[in-house]
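Here is the structure we will look at, set down as structure tokens.
None of the figures in this text is laboratory data; all of them are computed from the coordinates on show. Nothing here was measured: the structure is a model prediction, and the numbers come from that model. Note that we place each Cβ from the backbone using ideal geometry, even for glycine, and neighbour counts take in every protein chain shown.
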Amino acid sequence: MQVSASSFAQKITLSRSNTPLKSILKDLKEQSGYDFFYTDNLLKNARPVTVDVKNAEFVDVLQLIFSGQQISYAIQNKTVVITENKVAQRQEIQGRVMDKKDGKPIPAVTISIKGTKSSVQTNKDGRFTINIPPGAEALEFRYVGYKTVSHQIAPNANYTIFMEEDDAGLDEVVVTAFGQRQRKEAIVGSVTTITPSTLRVPSSNLTTALAGRIAGVIAYQRTGEPGMDDAQFFIRGVTTFGTGKANPLILIDGVEMTSGDLSRLIVDDIASFSIMKDANATALYGARGANGVILVTTKEGQDGVAKIQFRAETSSSSPTENVRFADPVTFMKLQNEGVRTRMPGTRLPNNEADIYYTELGKDPMRYPAIDWQDVLLDKMTINQRYNLNVSGGGKVARYYIAASNALDNGIIKMDKRQNFNNNIKINKYSLRSNVNVNLTSTTEAIVRLSGTFDNYNGPLDGGTSLYNKAVLANPVKFLPFYAPDAGSIYTNHILFGNNENGEYLNPYAEMMKGYKSQDRSSMYVQFGLKQNLDFLVKGLGFRGMYNVNRFADLSVSRRYNPFFYALTPLLMGATDYKLNALNPNAGTDFLDYIPSDRVVTNTMYLETALDYNTVIKEKSTVSAMLVFTSRENKDGSYNDLQSSLPQRNAGLAGRLTYGYDNRYFAEANFGYNGSERFAKRERWGFFPSAGVGWVVSNEKFWQPLKNVVSKLKLKATYGLVGNDAIGETVDRFYYLSNVNMANSARGFTFGENFGYNVPGISISRYSDPFITWEVSRKGNFGLELNLKNSVNIQVDYFTEQRSKILQTRSDIPSTMGLQATPKSNIGKAKGSGVDFSFDYNKTFSSGLWAIIRGNFTYASSRFELYEEPDYATTPWRVHANQKISQRWGYIAERYFLDDEEIKSSPVQTFGEYKPGDLKYKDINKDGRVDESDMVPIGYPTTPEIIYGFGMSLGYKNFDINCFFQGSALSSFWISPNAIAPFANVNNASTNNMNTNRALLQVIADSHWSEDTRDLFAFYPRLSPENVSNNSVSSTWWMRNGAFLRLKTVEVGYNISKDFAKKVHLKNIRLYGSGNNLLQIRSFKLWDPEQAGNAFNYPIQRVFNFGVNLEF
């Protein structure tokens, strides 16, 4: 019977404890004026009531006192009629269990009737159905990692249950393949889930936070240039050496994305971040999961009022370290030495008078001494980031809406005489909307919309290119620009400096002559549907998802031709000067347009799945999943027919799991995938995997140890994973020949006066129907340990055998007459390693809390079978059993002492050399140093060890945390050609203009000379140009890439709740942080994380201040 609320306007004030229901009814009658109709027999078994209300509505008090009773009531006019509760005979309750934090359904929650052994579990959508016997009072909801919930059984009660994470059991719920949420205890695969907030660093690039924070991930960053600073990362190293894909599969909300998309994700929008590492965890992704999987899900709304969160950050950014260069006077002196020692009798580039007056510094117009880095680059820059998100919803719909903006600036200077900005400036915008709608009690629709938009502005060739040009410019030949003289006072353009012939690179003119703008957008629309099929088979569910992703990249470059001027020679003592225009007809004072490439891609993805979950006789849990996927990608940037065709693949995957009594677990998976790249006989690949787990600590015999070792779990997996992303994109269809029917280069000319020409035919690829999948066989053996409910330890030992790696055949005789060298699946590799993580979490009674975390990853891989020439006489050149990123080179002993030593030493075949040049070891003792003497040198170029550790402390409203990141077992090589001082690099990168590379301070301080004859100096005998003998790969230029970096430090303060309430806020947090603060390493010349890229745009040190507001 429906009655309006206005009919029960009486206010009730009542306070009773453990009072018989009959007495409560008498009190209500006196205050409300309502009569109660019942029999004494009905109230005989009624439970005593405890109630404490003040000015409460009459109907609310009725609902409260009858909650959990075996009787019900109905209101008829001014009478409350009490009757026997039909539910007492039999009641079937349906409901749903959700995560209180993110509103997502929780599968496999155990629901038991309090006081009985009867229980059921939720399905994948968090839904459950349970039969309630007479007399039952409450339901209990239990799930590992969540607080137990007790819910009273009552007529018309709402059985949508929200569970919240238990601080003592965080990270016990893991997001696995295709977004499934599984209890960590039940997972047998190697999956690592991290709290998204640990990835928050003062940067707009998420990938820069990966190194050292996640066990199993090898990551490093080679440059700090905004927009180009994505870190390179691999899961458990690299175990392939083909030209195909070695990076992990990245899935954002279930859809394959690029590392660029991952880098632009906002940490505040991330609900879960999982790394799947072994075959059992990745097998469902089949061909796409051979290199591991990174799975990210974004937040969804939850029931409740709107929650608003706003974050603002401002940071200063500067290089962690600048390469030190010698001053211009030292440059001039040692440039002369280089000419004198290599080419005696040749005219010196700098006369003594020029050196004297330059050193004197009184006439910088005629005798300039330019620090080009200081001219082009600022010491620091300012960046900003803003994030806003709103979430909430009700029983029918829930929403999560977010917007963000990040402004990243470079350290390139801007000349205000120009009306455009050539500094790096990237404005990044992102919008996200996730909406969940309950269409029916068993049907849920999910709509996700996301867009990221980057507006880039910067120098024509990028920041790193400009940084290199600053290094290449001569520091003493001319000024960056001149003030107008009497003859050019009315010019409207900048008077850029140059030498008398206008043939030298002026990096200031290169910086100022134009800019590049780039607009990048990535948008995806996703529609999903979840259907509970309990009405067909209990525990069965269906879901489907369709996603469209569109990416566009539009670049535009605008430039003018600089006007160059040279200083006319002045008379000694003259105070005025005259400029000579070098290119008055070639220079322009207007911006011209330079066409650039445009990239447009469209990707469609379809996923459908059936899920089944059930509990058998209360102890056995069974789940199964069958998934079909289909993907199509179109790319409009290709210029050839085969590459421009749509790229398609499809697959079927399945999983079956079994658990018994929370002690024994087994899991089997398969992926059955089709690839367009292979012929019909090889097109489909089947990749199975299996694993088992044993929770020893749940055994009865372990109970005496439970207080010390609260968890001990052993697990093992083995399986196959495929990879079809092999070879180059232009070689998509290996089973088809690539024939050019109109190749003019192979044509012929004939006829009278040779007036006829017929193009020829060429072949760039021969058909091969036997090329097939690259296959990875992965094994994993793991241990999970919890000590005294405070310390969590996880250790995994892993192995991998990679076979059928695509290689170019190395020994095809020319007598076969082939135009193209064939490729084949002949390579093999193997890898192994260990990853380890440690977590300590403790809260003390004083209000102090502490978290200590650390992780360690060692991943090593070797060639097992590598097709190459027969090196029987020089076995050190064989790749087999060598590290995959191993480098070969010569063993440099020292510098030659004198001509006599050169005559008595083996002949070196790398060009002319003198005393003071490098001496190499003759490995095979044949009297010559050549390619036969190259041996494996150093560690691999990809780090084999990545580790990290940190600590967080909090006391009341204050908190502080720090994190260290480390790398070990890697080598890099200084490029002698890249640092060779005085060298003239005249090529396309310098616009074919002359250069004289700057002199590193370390070379000025430590080089071989006729005076010192230091056989172990940093640099050999100076030279005005590159010396090929000293430029070959060798141990001389090899350096240790190991380092330990204080990656982040953050100090925060949460303003008191009372003050926040006064300004209508729930929470206010202020914090300051720093990134890349200091480093411990053996290599001192530049940041070793940049490896041999000395003149890359440097990695940045950041100081940041932020505020986080919650409404």
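Things worth noting here:
- Using a Förster distance of 45 Å, the FRET efficiency for Asp52-Phe1059 (Cβ separation, nearest 0.05): 0.90
- Amide H to amide H distances under 5 Å link Lys307 with Ser391, Gly392, where only residues 5 or more positions off or on other chains count and H is placed in the peptide plane.
- Derived scalar couplings between HN and Hα for the stretch 1063-1068 equal 9, 6, 10, 7, 7, 10 Hz in order, rounded to whole Hz, by the Karplus curve 6.51 cos²θ - 1.76 cosθ + 1.60 (θ = phi - 60°), x for Gly and Pro.
- On the principal axes of its alpha carbon atoms, the stretch 632-781 extends 103, 28, 27 Å, with the longest extent given first.
- Cα shape, the stretch 812-956, gyration tensor, a/c 1.5 rule: oblate
- Each Cα pair under 8 Å and six or more residues apart adds its sequence gap; the mean of these over the residue count of the stretch 5-84 is a relative contact order of 39 percent.
- Relative contact order for the chain: 10 percent, from Cα pairs under 8 Å spaced at least 6 residues apart, divided by residue count.
- Pairs of Cα atoms nearer than 8 Å and 6+ residues apart set the relative contact order; for the stretch 173-301 it is 31 percent.
- Folded to 0 to 90 degrees: helix 463-472 orientation relative to the chain principal axis, Cα: 20
- Rounded to the nearest Hz, the phi-derived 3J(HN,Hα) couplings of the stretch 891-904 under the Karplus curve 6.51 cos²θ - 1.76 cosθ + 1.60 (θ = phi - 60°) are 8, 8, 8, 4, 8, 5, 7, 7, 5, 4, 5, 5, 5, 8, where x marks glycine and proline.
- Cα shape, the stretch 173-301, gyration tensor, a/c 1.5 rule: oblate
- Cα gyration tensor shape for the stretch 5-84, rounded if a/c is under 1.5, else prolate or oblate: oblate
- Over 29 Å between alpha carbons, listed pairs Lys277/Lys804; Lys362/Lys469; Lys22/Lys395; Lys516/Lys823; Lys428/Lys530: Lys22/Lys395; Lys516/Lys823; Lys428/Lys530
- On Cα atoms only, tilt of 21-32 relative to the major axis of the chain in degrees: 80
- For the stretch 1094-1108, backbone phi angles converted through the Karplus equation (6.51, -1.76, 1.60; θ = phi - 60°) give residue-by-residue couplings of 4, 10, 5, 4, x, 4, 9, 9, 10, 10, 9, 10, x, 9, 10 Hz, Gly and Pro being listed as x.
- Between 0 and 90 degrees, the angle of helix 328-342 with respect to the longest Cα principal axis of the chain falls at about 60 degrees.
- In a simple Cβ point-charge model (Lys, Arg +1; Asp, Glu -1; nothing else charged), the stretch 91-167 has a dipole of about 180 debye relative to its Cα centre.
- Here's the picture: charge each Lys and Arg Cβ at +1 and each Asp and Glu Cβ at -1 in the chain, and of Val708, Ile194, Gly410 the one pushed furthest to the positive end of that dipole is Val708.
- The computed Rg/Rh (Cα atoms, Kirkwood Rh) for the structure shown corresponds, within (i) 1.05; (ii) 1.01; (iii) 1.14, to (i).
- The length gained on full extension between Trp876 and Glu1110, counted as 0.36 nm times the residue separation minus their Cα-Cα distance, comes to 77.9 nm.
- Residue-count net charge about Gly854 - beta-carbon cut-off 11 Å; Lys, Arg +1, Asp, Glu -1: +1
- Partner lysines for Lys29 [C-alpha distance under 18 Å; skip if fewer than 8 residues away on the same chain]: Lys11, Lys54, Lys78
- Charge dipole (debye, nearest 20) of the chain; +1 at Cβ of Lys and Arg, -1 at Cβ of Asp and Glu: 3860
- Under 5 Å from the amide H of Arg181 lie the amide H atoms of Thr176, each residue being 5 or more positions distant or on a separate chain, with H modelled from the backbone and absent for Pro and chain starts.
- Hits among lysines - C-alpha to C-alpha of Lys1061 under 24 Å, sequence gap 8 or more where chains match: Lys100, Lys101, Lys307, Lys956
- Farthest positive-ward along the stretch 173-301 dipole, Cα basis, beta-carbon charges - from Ile266, Pro226, Thr239: Thr239
- Between Leu1085 and Ser67, the simple label model (points 7 Å from Cα in the Cβ direction) yields a spacing of 7.3 nm.
- Charge tally around Lys124: other residues with Cβ under 12 Å, Lys/Arg +1 each, Asp/Glu -1 each, net +3.
- Of the residues Pro105, Leu139, Phe128, the one whose Cα sits farthest toward the positive end of the charge dipole of the stretch 91-167, with +1 on the Cβ of Lys and Arg and -1 on the Cβ of Asp and Glu, is Phe128.
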